[in-house]
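What follows is one structure encoded as C-alpha cells, with my remarks underneath.
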Amino acid sequence: MKLGTALLTVAATICISGLATAGSLDVGARYGRTIEQDGNNLEIAARYFPIPFLSLGASLGYANLRYDKGLYYKKADTMPLGGYANAHLPLIPFVKPYAGIGVLYYSVNNISSPNQLDRGEEHSGTMTVQGGADISLPLPKLSLNIEARRLINDRQTQLLGGIWFRF
C-alpha cells in the first residue's frame, strides 16, 4: 500500500511538473547495413520524447537481403515496421548517447531463389536491443544519428546512420 501511494505521488508530481510539457518530436531517415547478411536497410522514423530522457519511436523501412545458402544465393525484399523505447543520457552537450529495446515486425516479399522450397512470402518478428548516439549539428534542430541494433531472434546486427529533424 505504501509503495503504491509513493508511486502514485511520483507519477502525479511528474505530470504536473515542467517535465510533462517538455515533449518533443523527431522525424528522420536512416540508411544501414546488415553485418551477417549482405543487405541494405533504408528507414524513415519518428520518435516522441514525453520527458527529456525517454523516447518512444517507430520506424518503417525497406531492406533487401542476400543470403548465402552454400550452393546458391537467396534474395529477399522486406518491409520492417518497428517500435522502440530508448533511455537517453545527456552526458556531453553535443553528443547524446542512448540505449533501449524494441520490436521489429516484417513481411518478406519478392523472394528469388533457385530452390523452389525456399520461395514464398513470410512474416516474422523479433525483439531488438539497440544503442546509439545523436550528434548535434551547427544547424538548428538537426542532428546526426548513429545506431547499432541487434535483432535477437534473427541473430543479425544492423548498423544505421542518418539525420533527425526536431520539431
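Quick look at the values:
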read-out	value
Nitroxide proxy distance, nm - points 7 Å out along Cα→Cβ at Ala148 and Ile44	3.0 nm
Neighbour net charge for Arg149 - beta-carbon separation under 12 angstrom, K R +1, D E -1	0
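Any read-out appearing in this document is the output of simple, stated calculations on the displayed coordinates, not a laboratory observation. Quick caveat: nothing in here was measured; it's all calculated off a predicted structure. Reconstructed Cβ throughout: ideal geometry from the backbone, glycine too, with neighbour counts over all protein chains shown.
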